[in-house]
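Below is one structure, written out as structure tokens; the observations come after it.
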Amino acid sequence: MTDRGYPLEAPPLPAEVRESLAELELELSEGDITQKGYEKKRAKLLARYIPLIQGVDPCLQTENRLPGPSLTMAAPKAQKSRPTNSRDERFRSDVHTEAVQAALAKYKERKMPMPSKRRSVLVHSSVETYTPPDTSSASEDEGSLRRPGRLTSTPLQSHLSVEPWLDRVIQGSSTSSSASSTSSHPGGRPSAAPSAAAATLAGLAAHTHIDLHSAPPDVTTGLVPHPHYERPQVASVRGVPRGFGGSILETADGVPVNSRVSSKIQQLLNTLKRPKRPPLKEFFVDDFEELLEVQQPDPNQPKPEGSQMVVLKGEPLAVGTPWPPSLLAALQRWGTTQPKAPCLTALDTAGKAVYTLTYGKLWSRSLKLAYTLLNKLTSKSEPLLTPGDRVALVFPNSDPVMFMVAFYGCLLAELVPVPIEVPLTRKDAGSQQVGFLLGSCGVALALTTDACQKGLPKAQTGEVATFKGWPPLAWLVIDGKHLAKPPKDWHPLAQDTGAGTAYIEYKTSKEGSTVGVTVSHASLLAQCRALTQACGYSEAETLTNVLDFKRDAGLWHGVLTSVMNRMHVVSIPYALMKVNPLSWIQKVCSYKARAALVKSRDMHWSLLAQRGQRDISLSSLRMLIVADGANPWSISSCDAFLNVFQSRGLRPEAICPCACSPEALTVAIRRPPDLGGPPPRKAVLSMNGLSYGVIRVDTEEKLSVLTVQDVGQVMPGASVCVVKVEGSPYLCKADEVGEICVNSSATGTAYYGLLGITKNVFETVPVTAGGVPVSERPFTRTGLLGFIGPDNLIFVVGKLDGLMVVGVRRHNADDVVATALAVEPMKFVYRGRIAVFSVSVLRDDRIVLVAEQRPDSSEEDSFLWMSRVLQAIDSIHQVGVYCLALVPANTLPKAPLGGIHVSETKQRFLEGTLHPCNVLMCPHTCVTNLPKPRQKQPEVGPASMVVGNLVAGKRIAQASGRELAHLEDSEQARKFLFLADVLQWRAHTTPEHALFLLLNAKGTVTSTATCVQLHKRAERVAAALMEKGRLDAGDHVALVYPPGVDLIAAFYGCLYCGCVPVTVRPPHPQNLGTTLPTVKMIVEVSKSACVLTTQAITRLLRSKEAATAVDVRTWPTILDTDDIPKKKVASIFRPSSPDMLAYLDFSVSTTGILAGVKMSHAATSALCRSIKLQCELYPSRQIAICLDPYCGLGFALWCLCSVYSGHQSVLVPPLELESNVSLWLSAVSQYKARVTFCSYSVMEMCTKGLGSQTGALRMKGINLSCVRTCMVVAEERPRIALTQSFSKLFRDLGLPARAVSTTFGCRVNVAICLQGTAGPDPTTVYVDMRALRHDRVRLVERGSPHSLPLMESGKILPGVKVIIAHTETKGPLGDSHLGEIWVSSPHNATGYYTVYGEEALHADHFSARLSFGDTQTVWARTGYLGFLRRTELTDASGERHDALYVVGSLDETLELRGMRYHPIDIETSVIRAHRSIAECAVFTWTNLLVVVVELDGLEQDALDLVALVTSVLLEEHYLVVGVVVIVDPGVIPINSRGEKQRMHLRDGFLADQLDPIYVAYNM
């Protein structure tokens, strides 16, 4: 006892208390009771006995605990002392456990970043209310009734555990590294207490003799080991308690980053630096196709060397025995000659015999049922049955009697019974597939009992509900009172011999589909005979049956063979086993049963409960048939069971494992020596050999072995061979693992209604290596993998259904489960609630392990267990786990009689409805078949490129808009060179012509400006600037106005006095902290000498709130223009040359760079002229604008174009749409605007906000048929999905299908393309996304895989020339090559004013020249990738039209694996992955791809997204995701143009400001 760590014996507990404790344990392990309920009931049971051990000296109690304040999960010694006779027996052999421990010891030092989870998602209590953990119940060991006479009492333990608890708080619940927060290294003392709280705790620690440890220095490579203290931050503002108070880590770039996130990513990078196990092989890369690596076979892998096996024949079926001619003949014989003989005894949940069915009763009741079925169901409503019809049998596991009557009644009536499980809810796991089976079998009638029928879910009418996917069924209750007595002379005509189907047994395949295996009358009889002979059954023997009697061995032995031999079956229901796991042993003892039929689980359960049971004897048993003897863990159950019960009369030779398969029925069974069985054997096989399908008895490598026992000999009358799993059924060699095939008259005959797979499985013809068939009779594949060992014994090493083929190696799901179960400590998850399956990602199986987590385990505990499981599986199976997920207790779908419904679990995992509470993904280690990273080829020179294109017949990619010279007299262009002159001219010639109308949210006009009003207001502003502001010509003035006419007047006021205006978006009063610094930055960077604004904004800029965000004392002069005096300027300033600066245009790019460009007067008027020509704008036209007026094309349309062209602009500020979404569309309809402009954010607001209201809008009279063109102003790739859904939605309001198009502009030229009113419609092409990554354009058909739709960005403006140039060599590219778009035009900006954040921003942006070809023209580089393509359409000049396609910004592209990715493509894939992903953004950080996902759903569903996101990016982009961050909706920052600000997001992530719901670090 002392070696267990408890030196004193406590008084023993009474037997009945131990019994009750065992039941509780069992319920907990199966997940039938919550941890809380378990503890409550347990405390109640133990309450009377606890005082007995209170007297024990507490210091003695702790004497053998680990020294020091440690909750160390990582001390191997601690686990060694764990009692090994705990509940895990059934799954483990000690060899395996030791192997796992040894394997884990190798990994001690490895660190993995632990995922961080927001506090609200944790089900556990927060640190504020942190009580010392209760180590009594499940954490010390599963269950406390291991050792008689030892109690782990709650009160006692909780006093003792104050030290480790304290230590845990002192260490800070740091989520930054699981290793540092859970392994405390003795000895290191902190040089200073990091905070007051720590000091207090340190004081407390001194009194309780606890050593305070600093966390161990980071041992990851390439880091400077700074001493870092984990602060005990007991409360943190939001989210998980943040550790790593003062740690400074250097990132890979050598930049010190003080943040928790970066430290985690650093750990992640370090885990990734380790070499992956399988070395990459050489393979070729085609130019376009990224070929997935095909794993080459390892030259050193073991290969089978044995001779070819021969077919193994079983003993012949005994001939001299007087067999009954058929099963029904046997039933009739026993029912009439031995009517009183007991046939079946049913027990209730208390273990009392409720009813014993005699052979007489079985015969008479079956006859009654047969008669009723054939003759009494002929009323109009009921279906009329004919022989051979299928009938469903729906009986609970607790009612074997009624089931037996129904089964034999159907056989007598020549109907085919189809036994299925009782559906408990309308959506049981797998119930839909059962419905499919019933439908395909044409079942129209279901037989059930009265009690069962009452319990079925009902519809409103009171009828039994129709279950999802089920055919309509009539339900017949077969209790005695519902049956008609047959007349004396009535005899059933049953022909129960021959090839006709006797019954159909359902089988669920790996994918979850349910098929019916048909068993013919002949097979049924042969099976009964073979089992009788193999098991030596004799008349009137007693058999106890714990198995499900509806199918499999439970049916074959307990319902069919038993009747043939007039045996007495005692059926033990699952419910009774749960209450009393010993019940079956007690029944064997009280009925003196000669045979028992169990599963390893039942043996294992009874081991837990047997202590203190003195009076049990198993001496009557001659055969203990273990139905799942073929499972890898059955051997340890058998051994442990024998160890305990040999002293109670169990004979070792009585244990008879057998192997069963739904298709071949009983495949093999071990027989006792008196029936001619050889002695049992064990094989210790090398796991590595098995993964290559080769049998190697393991000698040297003790770690990764599989111990299997034989499942006995071939059945009488059968032949067995082993064939290769894939391809043609060639016989295996003697030392090769293959699929076991059986040829016998006793196998199933077909899958009902499925001819194709039937032929494959039931009619296999094994052939020798030379291709010669081994027999003229076909074999049936069993779905079992194994080999034939010495003494002709059959060994099974796994099932085909559990086979996972990773690379070239095969792994068995059950073996992986067994390894996971051997990982200590097991207390964080439920045993028996672990599912392992594989999902296909990138054309290979990937292993997924899902387990149920106990409610009391902390995040760290679970994470630690998960990382240990990964390491154990990696060591023992040499295979990586793709995903390991823990789900809350009791949430995995259950199979009918306990266990997990694996295919349903897999389905939920793939659909994202598993809802895990912890996830660990390891794509980096598992996915080794990615295409090779692209090597940059030495660049082809620009000259060769041109020559190559000429040879290939491709033209150089260049295009231009219409020529300006042909389009209008240059006289007017000269007159309109300066906008100030144009405004004066308009004020003089058409003074009352209204240029601007501004609408408010209600749609009413709040202010207008005619030509003369605008002129006068501009004069007043100019006067104020000169007098009040004392500004000189050339000074810069910041205009901080809300969208409106004031802004326009201020702009022209600046021009009138020669100042240079800079428009700036005003700060947001509710969000000054983030918006005001941007305003201040633009004012400072633009060197503005004065700020013009309104009174309200002036107050805001000088407010107390503003002072907290910026230094308000450093603003330049602020003038408010709300009530400036009416004054004229003496003379209006006239620029000396059109190249003088007109205004500055500042904008923040999506990569977070603030760039201001200079627009000269010449460029400004050229821009207005091009837009006027493209959109055919005249003074008589009205256009509607819903854009922000601060930069780019939005500013030009709002402030410049109306003055230049004289048309009327209806101005709709986008902010007003927040209170009235339909404002813009109403304005377009009311003013009959032919041309309208909007932004993507406006379009999105309309589609989301008005999608369901088109009817209501039509009633209001909104009509959009006036629109000729609606243009989205953007600086990005056109968002096709959005423009198409907008067009579709508002088609109902008359919006023409072809009206919506996009524009394209950028910093160097704000308007390059714009659809305009004439010219061909924008075209869409589909390109291959894989080719794009290599900077190539390959056109494909719509809908082909990897196709990406791209829409033309409008027509190139008049006067604009575009060419596509190579990003590096700057040479011209051919048509349909992806390159940088270069532009030459009179309205190009003249240069950057300043670029804040990247001073050395390339001077050649505005003055680039081609390196070859036309080297004279000066171009501006747009910084966008795109391509040109000549279409079949003709433009206005009759030429073929050249379309420009914008693919994306060069700054935003991600260089990953040597290829160029556009974030939007990755994001589109992610958003499609799950319906609750609202938005997504990606960026890279030190070569890791970080995916931020906005969750539009419940927080507990957040973790479903991790695996889906990881898989979709592997499948579609061949990218491994490094970090998945799940955040609330609205966290991803978006600028005014509706573009994602990915760099801001990245900064927020690294500074840990996103408050994520969950951060998963993929290993």
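Some notes on this structure:
- Residue check for VAL570: within 30 Å of GLU16 (Cα to Cα) and open to solvent by less than 10 Å² (accessible area, probe 1.4 Å): yes
- Matching option when the condition is open to solvent by less than 10 Å² (accessible area, probe 1.4 Å) and touching a Gly at 6+ places or on another chain (Cβ under 8 Å), among LEU1039, LEU1025, LEU1119, LEU1047: LEU1025
- Inspection of the range 714-729 finds no residue satisfying the criterion of being open to solvent by 20 Å² or more (accessible area, probe 1.4 Å) and not in a loop (DSSP other than H, G, I, E, B).
- Unique residue being open to solvent by less than 40 Å² (accessible area, probe 1.4 Å), part of a strand (DSSP E or B) and within 30 Å of THR1317 (Cβ to Cβ) when the list is GLY1423, GLY1359: GLY1423
- Qualifying residue in the range 1431-1441 (condition: modelled with pLDDT under 95 and buried (at least 23 other Cβ atoms within 10 Å of the Cβ)): no
- Which listed residue, of GLU1467, GLU1455, GLU1515, is surrounded by fewer than 16 Cβ atoms within 10 Å (Cβ to Cβ) and outside any strand (DSSP E or B): GLU1515
- Some residue of the range 1528-1547 being under 19 Å from ARG118 (Cβ atoms), buried (at least 24 other Cβ atoms within 10 Å of the Cβ) and in contact with a helix residue (DSSP H, G or I) (Cβ under 9 Å, 6 or more places away or on another chain): no
A quick yes/no check of all residues on (1) β-branched (Val, Ile, Thr); (2) open to solvent by less than 10 Å² (accessible area, probe 1.4 Å); (3) within 21 Å of LYS1355 (Cα to Cα); (4) not in a strand (DSSP E or B):
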{"residue": "ARG1169", "(1), (2), (3), (4)": "no, no, yes, yes"}
{"residue": "GLN1174", "(1), (2), (3), (4)": "no, no, yes, yes"}
{"residue": "LEU1177", "(1), (2), (3), (4)": "no, yes, yes, yes"}
{"residue": "ALA1196", "(1), (2), (3), (4)": "no, yes, yes, yes"}
{"residue": "ALA1233", "(1), (2), (3), (4)": "no, yes, yes, yes"}
{"residue": "MET1245", "(1), (2), (3), (4)": "no, no, no, yes"}
{"residue": "SER1252", "(1), (2), (3), (4)": "no, no, no, yes"}
{"residue": "GLY1261", "(1), (2), (3), (4)": "no, no, no, yes"}
{"residue": "CYS1270", "(1), (2), (3), (4)": "no, yes, yes, no"}
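- Filter result (surrounded by fewer than 16 Cβ atoms within 10 Å (Cβ to Cβ) and not in a loop (DSSP other than H, G, I, E, B)) within the range 454-512: LYS454, GLY455, LYS458, ALA474, TRP475, GLY480, LYS481, HIS482
- All positions within the range 358-377 that are among the polar types (S, T, N, Q) and either at pLDDT below 95 or part of a helix (DSSP H, G or I) (or both): SER364, SER366, THR372, ASN375
- Meets criteria (touching a Gly at 6+ places or on another chain (Cβ under 7 Å) and over 30 Å from SER431 (Cα atoms)) for ARG810: yes
- Of the residues making up the range 1397-1416, one or more are open to solvent by 60 Å² or more (accessible area, probe 1.4 Å), closer than 22 Å to CYS1313 by Cα and of a type in the set (D, E, K, R).
- Among the candidates VAL401, VAL405, the residue that is buried (at least 24 other Cβ atoms within 10 Å of the Cβ), at pLDDT 95 or above and β-branched (Val, Ile, Thr) is uniquely VAL405.
- Qualifying residue in the range 802-809 (condition: open to solvent by less than 20 Å² (accessible area, probe 1.4 Å), among the β-branched types (Val, Ile, Thr) and either in contact with a strand residue (DSSP E or B) (Cβ under 7 Å, 6 or more places away or on another chain) or part of a helix (DSSP H, G or I) (or both)): no
- Residues being within 9 Å of the chain's Cα centre (by Cα) and of a type in the set (Asp, Glu) - total across the range 1471-1513: 1
- Filtered by the rule that a residue be surrounded by 15 or more Cβ atoms within 10 Å (Cβ to Cβ) and either farther than 25 Å from ARG1020 by Cβ or touching a Leu at 6+ places or on another chain (Cβ under 9 Å) (or both), the range 1070-1083 gives LEU1072, THR1075, LEU1076, THR1078, VAL1079, LYS1080, MET1081, ILE1082.
- Residues being closer than 19 Å to LEU547 by Cα, surrounded by 24 or more Cβ atoms within 10 Å (Cβ to Cβ) and of a type in the set (A, V, I, L, M) are entirely absent from the range 670-692.
- The lone exception for LEU685 - which of (1) in contact (Cβ under 8 Å) with a residue 40 or more places away in the chain; (2) assigned to a loop (DSSP other than H, G, I, E, B) it fails: (2)
- Extreme residue, nearest to LYS313 (Cα to Cα), among residues of the range 763-777 that are of a type in the set (Val, Ile, Thr) and in contact (Cβ under 8 Å) with a residue 60 or more places away in the chain: VAL774
- First in the range 1409-1437 and farther than 18 Å from SER1353 by Cα, second anywhere and part of a strand (DSSP E or B) and open to solvent by 60 Å² or more (accessible area, probe 1.4 Å), Cβ under 9 Å, 6 or more apart: ASP1414/GLN958; THR1417/LYS1361; TRP1419/LYS1361
- Among the candidates THR1114, THR1108, THR1074, THR1094, the residue that is within 24 Å of HIS1015 (Cα to Cα), in contact with a helix residue (DSSP H, G or I) (Cβ under 9 Å, 6 or more places away or on another chain) and among the hydroxyl-bearing types (Ser, Thr, Tyr) is uniquely THR1094.
- Residue check, ASN375 open to solvent by 20 Å² or more (accessible area, probe 1.4 Å), touching a Pro at 6+ places or on another chain (Cβ under 6 Å) and touching a residue at least 24 places away in the same chain (Cβ under 8 Å): no
- Residue in the range 744-767 that is farthest from the chain's Cα centre (by Cα), counting only those that are part of a strand (DSSP E or B) and surrounded by 22 or more Cβ atoms within 10 Å (Cβ to Cβ): ALA750
Yes or no, residue by residue, for (1) open to solvent by less than 50 Å² (accessible area, probe 1.4 Å); (2) out of contact with any Asp or Glu (no Cβ under 6 Å at 6 or more places or on another chain); (3) modelled with pLDDT of 85 or more:
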site	(1), (2), (3)
VAL294	no, yes, no
ALA318	yes, yes, no
LEU344	yes, yes, yes
LEU347	yes, yes, yes
ALA350	no, yes, yes
THR356	no, yes, yes
GLY388	yes, yes, yes
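- Elements of type helices (runs of 4 or more DSSP H) contained in the range 525-639, each with 1 or more residues being touching a strand residue (DSSP E or B) at 6+ places or on another chain (Cβ under 8 Å), small (Gly, Ala, Ser) and within 30 Å of PHE787 (Cα to Cα): 552-555, 600-609
- With respect to being of a type in the set (S, T, N, Q) and not in a strand (DSSP E or B), THR345 falls outside the description.
- Residue tally, condition under 19 Å from VAL1360 (Cα atoms), outside any strand (DSSP E or B) and of a type in the set (Val, Ile, Thr), over the range 1151-1167: 1
The values are calculated or read from the model by the stated rules, or taken from the named source; none is laboratory data. Keep in mind it's a predicted model, so treat the numbers as computed, not measured. Ideal geometry is used to build each Cβ from the backbone, glycine not excepted, and the neighbour counts take in all protein chains shown. We work out accessible area using only protein heavy atoms, side chains counted, and drop any ligands, DNA or RNA first. Shrake-Rupley method; radii C 1.70, N 1.55, O 1.52, S 1.80 Å.
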